[in-house]
Amino acid sequence: MTVLEAENVSYKYSVGTPFQITALDRVNVKVEQGDMLAVIGHTGSGKSTLIQHFNALLKPTEGRILLYGKDINESRETAHNARFKVGLCFQYPEYQLFESTVYKDISFGPANMGLSSSETDERVRRAADFVGLSENMLGKSPFDLSGGEKRRVAIAGVMAMEPEVLIMDEPAAGLDPRGRRSILELIGNYRKKTGRTVIIVSHSMEDVAGVAEKILVLNRGSVAMHGSLDEVFSRSDELRGMGLDIPQITRIFSELNKYGFGLKKNVYTVEQAKDEILRYLHKGGNAK
């Protein structure tokens, strides 16, 4: 079932001025229910512009954004409702924290949905559990937390609204390797536990390979590729032509196979590489 759809969407900034630029050019994309989709592309490819269309922060210059088949920009009411159904977590969301306690920050969204205090409380605690925030942290000031903990609070604030589609713009940006793994794991666990549709924007192929099942590649405001990891990563030459690349571990395995090792081609993460090497050795150095 299609949840979100961009139907022939174009968007131009600074229309009618000498600075006019086309950020999206006739984009057609369908996001299916339960998708774990990564949106990738080089700087200026239109990634952030597209996801801001998905929850009506931006309105197409041409075309439509459909949520369950209905134009989200049909009226002010439909646009308002879309922002609760399609939750958007911006890059470096911790900079948007402002309440005196972690609890109040996470509860801000649900409270503005008009929910009862009991329902809001349930959502706050459920979201805190999703991101690994303990009970005693809820009463702390978010400004007393570490950078990684602040980000978890900000992500929990979006999750607490329980959107039908969760969109995250560069969720692991600026974190150390351990922090990156932790954030990506919690996103994956959230999707597994809830079954909801998740879209992440990332420039890191390694991050994408570890969490996504489908990839949308944007190039110069247009859709260049849209398919499974295997389908997209098999077109490595085209990706390089757009300033992108496949994961480093995938390139290593590709080179090994050139020397006749007979390893699997669809290895995208270090964990997958470890499993494949162990399988190869277990079979006496012949994985075929």
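The values are calculated or read from the model by the stated rules, or taken from the named source; none is laboratory data. For clarity, every value in this text was computed on a predicted model and none was experimentally measured. Because the Cβ atoms are built from the backbone with ideal geometry, glycine has one as well, and the counts that use them run over all protein chains shown.
Below is a table of values for the structure above.
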read-out	value
Lone qualifier among 48, 100 - being under 19 Å from residue 215 (Cβ atoms), at pLDDT below 95 and out of contact with any Leu (no Cβ under 7 Å at 6 or more places or on another chain)	48
Pick from the stretch 90-106, criterion surrounded by 15 or more Cβ atoms within 10 Å (Cβ to Cβ) and in contact with a Phe, Trp or Tyr (Cβ under 8 Å, 6 or more places away or on another chain), ranking: nearest to residue 193 (Cα to Cα)	105
Top-ranked residue of the stretch 1-50 - restricted to ones that are surrounded by fewer than 23 Cβ atoms within 10 Å (Cβ to Cβ) and among the aromatic types (Phe, Trp, Tyr), ranked as nearest to residue 194 (Cα to Cα)	13
Count - residues of the stretch 50-68 that are in contact (Cβ under 8 Å) with a residue 40 or more places away in the chain and within 22 Å of the chain's Cα centre (by Cα)	12
Every pair of residues 6+ apart whose Cβ atoms lie under 7 Å, when the first sits in the stretch 127-141 and is in the same structural domain as residue 100 (by TED's automatic domain parsing) and closer than 10 Å to residue 103 by Cα while the second is of a type outside the set (Asp, Glu) and loosely packed, with under 14 Cβ neighbours inside 10 Å	141/100
Inter-residue pairs, beta-carbon under 9 Å, first of a type in the set (D, E, K, R) and in the stretch 74-98, second assigned to a helix (DSSP H, G or I) and surrounded by fewer than 16 Cβ atoms within 10 Å (Cβ to Cβ), 6+ apart	94/147
Options 208, 267; residue that is among the aliphatic types (A, V, I, L, M), at pLDDT below 90 and either farther than 28 Å from residue 155 by Cβ or buried (at least 18 other Cβ atoms within 10 Å of the Cβ) (or both)	208
Any hit, the stretch 13-29, residues being closer than 26 Å to residue 188 by Cβ and not in a loop (DSSP other than H, G, I, E, B)	yes
Set 109, 87: member being buried (at least 21 other Cβ atoms within 10 Å of the Cβ), in contact with a strand residue (DSSP E or B) (Cβ under 9 Å, 6 or more places away or on another chain) and part of a helix (DSSP H, G or I)	109
Listing of helices (runs of 4 or more DSSP H) fully contained in the stretch 200-288 that carry 2 or more residues being within 18 Å of the chain's Cα centre (by Cα) and closer than 26 Å to residue 168 by Cα	205-211, 229-233
Some residue of the stretch 51-67 being among the hydrophobic types (A, V, I, L, M, F, W, C), loosely packed, with under 14 Cβ neighbours inside 10 Å, in the same structural domain as residue 238 (by TED's automatic domain parsing) and not in a helix (DSSP H, G or I)	no
Any hit, the stretch 147-158, residues being acidic (Asp, Glu), surrounded by fewer than 16 Cβ atoms within 10 Å (Cβ to Cβ) and in the same structural domain as residue 107 (by TED's automatic domain parsing)	no
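So that you can scan it fast, the table gives a plain yes or no per residue for (1) without any contact (Cβ under 8 Å) to a residue 60 or more places away in the chain; (2) in contact with a Leu (Cβ under 8 Å, 6 or more places away or on another chain); (3) not small (Gly, Ala, Ser):
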site	(1), (2), (3)
186	yes, no, yes
214	no, yes, yes
220	no, no, yes
227	yes, no, no
238	yes, no, yes
243	no, no, no
246	yes, yes, yes
257	yes, yes, yes
283	yes, no, yes
